[in-house]
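Below: one structure in structure tokens.
Rule-based calculations on the coordinates, nothing more; no lab input. Owing to the predicted nature of the structure, the values given are computational and were not obtained by experimental measurement. Cβ placement follows ideal geometry from the backbone for every residue including glycine, while neighbour counts extend to all protein chains displayed.
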Amino acid sequence: MAMMASWRAGSVLPMVTVAILAMLSLWLKDVSHLADLFDMRGFRHEPGTIIEDLRLTSVSRQSSTTQVLTAQRMTHFLDDDTLRLVEPRYDRFQAAGSPMQITARRGLVSEDHDNFYFLDEVRLQREASRGGETLVLTTDYLRVMLNMDRVRTDKPVQVRQGRIRIDAQGMEADGKSRIMQFAGPVRSVYEK
């Protein structure tokens, strides 16, 4: 009798295991279809507005142009109020300072519209003032903080002004104080 009970347990155990696995697989199939029933719009990063050939102009109280932002394409995302730009160009004009222009392959504007992020083949050019030389900065990433009048990068950067070339691993520039701070190994070359 004991031998018969062990024989039944030995043959029933694999069948019970297979039955449990079959029920689990059916349950997983049913549960996987439930995701389609829920509204996922609030969790997706989908564009709300797409504009081709964008041109935004900011003017002062005296009706002079202070800033111009252009892009081949702008995509506005409603969930976080950010803007993605393709081939952005940002021009800034100041009464007391030299005009500045930034171009890149891609860009991002923060939800508060105070931070611009330029990505891939970034070029900043500040025109010469009072007999000086034009400044040209190149990098693959540049953050522009409009409210603080600063630019910053933590990527390799090259700055050229006249015969001077500076290569560094990062940089921060303050537009008000006109001071540039370089990070990492810095190499400066004066070309004759």
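Can you tell me the order of 180-186, 128-134 when each peptide is scored by its average per-residue count of other Cβ atoms within 10 angstrom, highest first?
Numbers: 180-186: 13.6, 128-134: 10.6.
Order by mean packing, descending: 180-186, 128-134.
Let me ask something else about it. Once phi is turned into θ = phi - 60°, what whole-Hz ³J(HN,Hα) does the Karplus curve with 6.51, -1.76 and 1.60 give for every residue of the stretch 72-82, x standing for Gly and Pro?
Along the stretch 72-82, the couplings run 5, 8, 10, 10, 9, 9, 6, 5, 10, 6, 8 Hz.
Can you give the local net charge around residue 119? Use residues other than it whose beta-carbon is closer than 11 angstrom to its beta-carbon, Lys and Arg +1, Asp and Glu -1.
Net charge in that neighbourhood comes out at +2.
For a bin width of 10 Å, list the pair-distance distribution of the stretch 79-157 built from all Cα-Cα distances, rounded to whole %.
Pairs per bin, as whole percents: 18, 50, 27, 4, 0.
Pairs of alpha-carbon atoms within less than 8 angstrom and 6+ residues apart define the contacts here; what relative contact order does the stretch 46-190 have, in percent?
It comes to 12 percent, rounded to a whole number.
Using the Cα gyration tensor of the stretch 130-192, with a ≥ b ≥ c the square roots of its eigenvalues, what is the shape: rounded (a/c below 1.5), prolate (a/b larger than b/c) or oblate (neither)?
The shape class here is oblate.
Count charges around residue 182 for me, please; just the other residues with Cβ under 15 Å from its Cβ, Lys/Arg as +1, Asp/Glu as -1.
Residues close to residue 182 contribute a combined charge of +3.
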